[in-house]
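As structure tokens, the structure follows; a few thoughts come after it.
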Amino acid sequence: MSHRKKLGTTWEVAFKLEALNHGLDVCPAEGDYLPYDCIVDNGKRLYRIQVKGTGHRQKDKTCEYMVTTAMGSSSSKKSHYAKDAYDILACGVDTGDARMWYIIPKSKIGTRLSIKLFPNPTSKGQWEKYRHGWDLIC
């Protein structure tokens, strides 16, 4: 198993644990051929979740983390997910001091291949409204 695959599996497990701690039921997607990693059930609705994560700050940036929102293992082979591939992108960021989750609707991602997250208390980044956005699926 490649290091990237193993790291991706680690983020998926971390998300599932966090979702369970928020009172959600989690159904894993077996295999890696689906465009989502798990299904979350809040008792009223099912959500298809794509999980991504990073603990790597961008070079020379104090608080900027890039998360790939596309499929593919190298930048030249990245491709967009279909518009209806999943419902929620769950982005985990490990700053070394804390782990936080951005719960972002797929409709907001559009055709981006990546997004930049700035997980600090004073950030005004466009994705900050989704940090700890568990209310979107709880």
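The values are calculated or read from the model by the stated rules, or taken from the named source; none is laboratory data. In this text the structure is predicted, and so the values were computed from the model without any measurement. Please note: Cβ atoms are built from the backbone with ideal geometry, for glycine as well, and neighbour counts cover all protein chains shown. All accessible areas refer to the heavy atoms of the entire protein, side chains included, with ligands and DNA or RNA removed. Shrake-Rupley method; radii C 1.70, N 1.55, O 1.52, S 1.80 Å.
Among the residues of region 96-106, are any surrounded by 11 or more Cβ atoms within 10 Å (Cβ to Cβ) and outside any strand (DSSP E or B)? Looking through region 96-106, at least one residue is surrounded by 11 or more Cβ atoms within 10 Å (Cβ to Cβ) and outside any strand (DSSP E or B). Looking across region 24-42 at every residue that is hydrophobic (A, V, I, L, M, F, W, C) and closer than 16 Å to ALA85 by Cα, the one that is most open to solvent (accessible area, probe 1.4 Å) is identified as LEU34. All of LYS116, LYS129 fail the test of being under 14 Å from the mean Cα position of the chain (by Cα) and either open to solvent by 30 Å² or more (accessible area, probe 1.4 Å) or hydroxyl-bearing (Ser, Thr, Tyr) (or both), apart from LYS116.
Go through region 91-114 and count every residue that is out of contact with any Phe, Trp or Tyr (no Cβ under 6 Å at 6 or more places or on another chain) and at negative phi. Give the derivation first.
Restricting attention to region 91-114, the residues satisfying the condition of being out of contact with any Phe, Trp or Tyr (no Cβ under 6 Å at 6 or more places or on another chain) are 94-101, 105, 107-114.
Now narrow it down to the ones that are at negative phi: 94-95, 97-101, 105, 107-109, 111-114.
So the answer is 15.
Taking first residues from region 41-57 that are under 12 Å from LEU117 (Cβ atoms) and partners that are among the acidic types (Asp, Glu) and not in a strand (DSSP E or B), no Cβ contact under 6 Å between residues at least 6 apart in sequence or on separate chains turns up. For region 52-82, the set of residues classified as on the phi < 0 side of the Ramachandran plot, touching a Lys or Arg at 6+ places or on another chain (Cβ under 8 Å) and modelled with pLDDT under 90 consists of GLN58, CYS63, GLU64, MET71, SER73, listed by residue number.
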